[in-house]
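This report concerns only the one structure given below.
The values are calculated or read from the model by the stated rules, or taken from the named source; none is laboratory data. Here the structure is a predicted model, which is why all the values come from computation and not from measurement. So basically every Cβ, Gly included, is an ideal-geometry build from the backbone, and we count neighbours across all protein chains shown.
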Amino acid sequence: MGTYSLLDQVRAKPASSSNPDLAQGVAFDDLEDGGMLAGHVGGKAVLLARRGDEVFAIGAACTHYGAPLKDGLLVGNTVRCPWHHAAFCLRTGEALRAPALNPVSCWRVERQHGVIYVREKLERTTGTQPPVRSDVPKSVVIVGGGAAGNAAAEMLRREGYSGRLTMLSADESGPCDRPNLSKGFLAGTASDASNLLRPLEFYEHRGIDLKLNARVALIDRSASVVHLVDGSSYPYDALLLATGAEPVRLDVPGVDFPHVHYLRTLADSRALVAKAHSSRQAVVIGASFIGLEVAASLRARDVEVHVVAPDSIPMERVLGAEVGTFVRRLHEGHGVVFHLETTVRSIDEQCVTLASGARLNADLVVVGIGVTPALALAEKAGLAIDRGRRGGCVPANERTGHFRSRRYRAVAGSAHGGEHPRRALGCGRTPGSDRGARHSRTA
Ligand SMILES: Cc1cc2nc3c(=O)[nH]c(=O)nc-3n(C[C@H](O)[C@H](O)[C@H](O)COP(=O)(O)OP(=O)(O)OC[C@H]3O[C@@H](n4cnc5c(N)ncnc54)[C@H](O)[C@@H]3O)c2cc1C
Ligand code: FES
């Protein structure tokens, strides 16, 4: 069969181009360079992407929250997710950028006489193990069980690191998807199971010794050992600090009442969910991302919500006045009451008292007034702290040469406004690489 007749047949098919069967063929010239086409093969959603003369077929949905990759961007040999900007390699399907952790599938593409056919799904290859190098540390200890620590541990194993790998987390649960804690899980639309980044068996299977409730009190750099508050200690050849950030604490009378909550960990979110079941009126202190997400989630649970903040327009500093006003109206449309340009004077068992003297009934109070980088360990250990150009960024980083001899790396979260899980994951994914070094200075 000649070139033209094949092409003619392909082009003569009814224009089901919104979701074509890619096994039936697509004319190469109909897919422009840099173009993407979503279709299906054997019941699976597949994305076709053209880069110059090459055409790739990969899974059409992002492995993070399922966004349609066809709406994303092709950048080099990667496709960027339109929702939270994960990047997948077109050649291997590998998740190259956070927040996606898992790869997308790849299909074999065949080109015949100007027609592209998507054939069978390719088996994932685990890759060839890199040769064992003598300068690789025998043991790595990661302090931090957040997105960054988790990504670092995963990437070390994925890249073939076979030494002892320990992750020490002060949290009582495994690494979790913190963004879910103030949104789907708190609103009641996402299950508790959706919170963990990986099931606990994942770490066991990969030889990652994950220790929970394991708070490090001290790094003894001269002995290369970390000491935990419970008295135990862990020696290391290389140490990665990924201690992230912790909530800024409110300093007014009454903050220690049990109905006053912060939201950082899965345990915090579970406690809030439990409390929300019996709450009638909540006061949320802080009108930035977490405060407003909590407000929206509590409204979804039919709790009356008042938001108190010193700002005149919520999130103006981050989003500008116009978007901030829009955000305010959106929340008001859902019943949130704002008390702006004011602060909290005190909290008691029934009320929150504002600076003006006004009293708001509250059987639940949530404080969301920003985060501060968890730098205490690095500071106590005498590590150099790079606070970044804006003075608000956090990372600390001591470079004593290459990772293989580089003993300390810190990828602590950044200060208010700069924290981002993608950065956290990005830092974690490149421990010891130059990219990692750059990130850790600017995370
Ligand atoms: C409720 C909530 C919602 C969010 N939503 C969004 C969002 O929608 N979009 C967005 O971009 N970002 C969001 N973020 C921010 C995002 O979650 C963070 O950027 C990300 O979690 C940072 O990851 P990390 O690993 O650097 O630090 P963290 O997640 O803070 O993890 C730090 C880890 O270090 C551990 N640790 C700290 N000190 C010690 C110690 N001394 N010993 C042992 N372990 C220690 C902690 O226990 C923790 O396990 C949200 C955060 C929260 C809390
Ligand atoms: S859905 Fe793709 S990065 Fe979140």
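General remarks:
- From the options LEU240, LEU272, LEU292, residue that is buried (at least 18 other Cβ atoms within 10 Å of the Cβ) and within 30 Å of LYS380 (Cα to Cα): LEU240
- Of all residues assigned to region 160-175, none qualifies as being of a type in the set (D, E, K, R) and within 16 Å of ligand 2 (Cβ to nearest atom).
- Where THR125 falls short, out of the listed (1) surrounded by 13 or more Cβ atoms within 10 Å (Cβ to Cβ); (2) assigned to a loop (DSSP other than H, G, I, E, B); (3) without any contact (Cβ under 8 Å) to a residue 60 or more places away in the chain: (1)
- For first residues located in region 204-217 and under 20 Å from ALA378 (Cα atoms) and touching a residue at least 40 places away in the same chain (Cβ under 8 Å), partners that are aromatic (Phe, Trp, Tyr) and surrounded by fewer than 14 Cβ atoms within 10 Å (Cβ to Cβ) and lie 6+ apart or on another chain with Cβ distances below 7 Å do not occur.
- Residues that are hydroxyl-bearing (Ser, Thr, Tyr) and more than 18 Å from ARG359 (Cβ to Cβ), drawn from region 299-344: SER312, THR325
- Residue count, region 139-149 (criterion: under 18 Å from the mean Cα position of the chain (by Cα) and more than 16 Å from ligand 2 (Cβ to nearest atom)): 7
- Applying the set (1) away from ligand 1 (no atom under 13 Å from the Cβ); (2) touching a residue at least 60 places away in the same chain (Cβ under 8 Å); (3) of a type in the set (D, E, K, R) to GLU201 leaves exactly one unmet item: (2).
- Candidate set from region 52-67 (those that are more than 15 Å from ligand 2 (Cβ to nearest atom) and closer than 30 Å to ALA147 by Cβ); member that is surrounded by the most Cβ atoms within 10 Å (Cβ to Cβ): ALA57
- Taking the conditions (1) of a type outside the set (Lys, Arg); (2) within 16 Å of ligand 2 (Cβ to nearest atom); (3) at pLDDT below 95; (4) farther than 20 Å from LEU101 by Cβ in turn, MET1 satisfies each one other than (2).
- Search result, residues across region 180-208 that are of a type in the set (Gly, Ala, Ser) and either within 16 Å of ligand 2 (Cβ to nearest atom) or buried (at least 18 other Cβ atoms within 10 Å of the Cβ) (or both): SER182, GLY184, ALA187, ALA190, SER194
- Selected residue [modelled with pLDDT of 95 or more and not assigned by TED's automatic domain parsing to the domain that holds PHE28] from GLY127, GLY145: GLY145
- Residues of region 161-179 satisfying the condition of being surrounded by fewer than 20 Cβ atoms within 10 Å (Cβ to Cβ) and of a type in the set (Lys, Arg): ARG164
- Per-region count, region 296-328, residues touching a residue at least 24 places away in the same chain (Cβ under 8 Å) and on the phi > 0 side of the Ramachandran plot: 1
- Within region 149-160, the residues that satisfy the criterion of being in contact with a helix residue (DSSP H, G or I) (Cβ under 9 Å, 6 or more places away or on another chain) and crowded, with 21+ Cβ neighbours inside 10 Å are GLY149, ASN150, ALA151, ALA152, ALA153, GLU154.
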